[in-house]
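Peer 1: Dropping the structure in here first, questions after.
The values are calculated or read from the model by the stated rules, or taken from the named source; none is laboratory data. Not measured: the values here are computed from a predicted model. Quick reminder, even Gly has a Cβ in these numbers, built from the backbone with ideal geometry, and neighbours come from all protein chains shown. Just so you know, the surface numbers come from the protein's heavy atoms only, side chains and all, with ligands and any DNA or RNA stripped out. Shrake-Rupley method; radii C 1.70, N 1.55, O 1.52, S 1.80 Å.
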Amino acid sequence: MAARLKLTGQVLAVALVAGLLALLIWKVAHGSGKTAEPKNFNLSRVGTPGKLELASLRGKVVVLNFWASWCIPCKDEAPYLEQVWLDRRAEGVVVLGVDAKDFRSDARGFAGRYDLTYPLAYDGPGATLPSYGVTGFPETYVLDRQGRVVEAFVGSIDSSQEHVRLREAIDRALRS
Amino acid sequence: VKLAASLAMLVALVWAAAAAGPAVGAQGRPSAAQLESELVCPVCETTLDQSDSPIAERMKAFIRARIAAGDSAKQIEDKLVAQFGPGVLATPSKSGFGLLAWRVLDPELERRVDEELARFEG
């Protein structure tokens with residue numbers, strides 16, 4: 001009888017461990033959503049009512065900039081990104097800022113302070129970051145008309161060298 | 001000896017329950033220090049009291065401002081969860097996947113936390 005109880009206990013313990021392992025695998029596979037391919041997102045807008053879905057910009061070249069109001073290098077590059085938006089929107093280029101890990105009100109304040117007119121979306125929890133492999137702010141991705149990443153910038157686009165690199169990436173994406 | 005051991009255990013349990021209690025200060029107001037030890041910086045993923053990152057400092061300022069405005073600890077936590085998601089809570093939530101952690105880890109702890117929360121919210 002005691003041996004049977006012991007065996008039952010062992011089976012239950014193994015089943016529990018297996019169950020927890022399965023849950024862990026499920027959580028890792030579905031929880032972080034980290035993939036090599038950029039994912040679509042549908043986020044609320046900053047300073048404007050409504051939502052903004054990345055897929056709605058298919059057919060345009062998107063300069064996707066991940067930023068936060070507390071990020072100092074983001075302040076350095078914001079005026080340049082605004083200039084890119086103003087200069088190239090007529091060609092079918094959209095600069096899209098995604099504010100992450102931030103207070104929404106701070107994002108609004110940042111946009112007002114730097115007179116940003118390009119579309120801004122809010123992702124407080126940072127749910128979009130893993131699918132782009134974003135590990136810090138700012139990071140910028142140039143997506144071609146099919147939504148494929150053609151260039152990535154880790155850190156601020158604030159030097160003439162980086163400006164040229166962004167311009168060339170946009171040109172390449174427009175030709176695709 | 002048994003009585004002394006039981007008393008010691010009881011004292012330890014009461015002390016632990018008090019230490020793990022709600023983030024309420026002596027005046028009945030939420031305690032900033034307690035909240036900062038219970039909420040996680042979304043960038044560095046340590047508790048706020050362990051971080052001096054810009055967003056952690058901003059969140060600490062928010063907590064102090066909300067305490068001054070008269071918010072309860074729960075209201076402050078809810079507001080931060082609304083901005084940053086449930087990941088800002090250092091302990092798992094008591095719903096969805098987070099609930100499983102409470103169920104699997106320690107039903108006794110769950111019962112004690114329920115009691116603490118009921119006392120806190122009541």
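Peer 1: Taking the condition in the same structural domain as A:A55 (by TED's automatic domain parsing) and open to solvent by 50 Å² or more (accessible area, probe 1.4 Å), does A:K75 pass?
Peer 2: Yes; evaluated as a whole, the condition is true for this residue.
Peer 1: Right, something else. All but one of (1) assigned to a loop (DSSP other than H, G, I, E, B); (2) at pLDDT below 95 hold for B:D71; state the number of the condition that does not hold.
Peer 2: (2)
Peer 1: Sort out which residues of region A:99-121 are at the interface with another protein chain (Cβ under 10 Å from one of its Cβ atoms) and assigned to a strand (DSSP E or B), and write them in order of number.
Peer 2: A:A100
Peer 1: Moving on. Any residue at all in region B:16-36 that's modelled with pLDDT of 95 or more and within 14 Å of another protein chain (Cβ to nearest Cβ)?
Peer 2: no
Peer 1: Still on this model: Given the options A:V134, A:V164, A:V149, name the one that is under 27 Å from B:Q83 (Cβ atoms) and out of contact with any helix residue (DSSP H, G or I) (no Cβ under 7 Å at 6 or more places or on another chain).
Peer 2: After applying the criteria, what remains is A:V134.
Peer 1: A follow-up question, please. It is to be established whether one or more residues within region A:122-142 are within 14 Å of chain B (Cβ to nearest Cβ), under 16 Å from A:C74 (Cα atoms) and open to solvent by 60 Å² or more (accessible area, probe 1.4 Å).
Peer 2: yes
Peer 1: Right, another one. When both residues are 6+ apart or on different chains and their Cβ atoms are under 9 Å apart, which pairs have a first residue that lies in region A:51-69 and is of a type in the set (S, T, Y), and a second that is crowded, with 20+ Cβ neighbours inside 10 Å?
Peer 2: As it stands, the answer is A:S69/A:D99; A:S69/A:D102; A:S69/A:F103; A:S69/A:A107; A:S69/A:F110; A:S69/A:A111, since those pairs meet every condition given.
Peer 1: Further question on the same structure: Which residue, of A:E162, A:E168, is exposed (fewer than 14 other Cβ atoms within 10 Å of the Cβ) and either part of a helix (DSSP H, G or I) or more than 14 Å from chain B (Cβ to nearest Cβ) (or both)? Can you show your working first?
Peer 2: Numbers: A:E162 fails: exposed (fewer than 14 other Cβ atoms within 10 Å of the Cβ).
Sole residue among the options that is exposed (fewer than 14 other Cβ atoms within 10 Å of the Cβ) and either part of a helix (DSSP H, G or I) or more than 14 Å from chain B (Cβ to nearest Cβ) (or both): A:E168.
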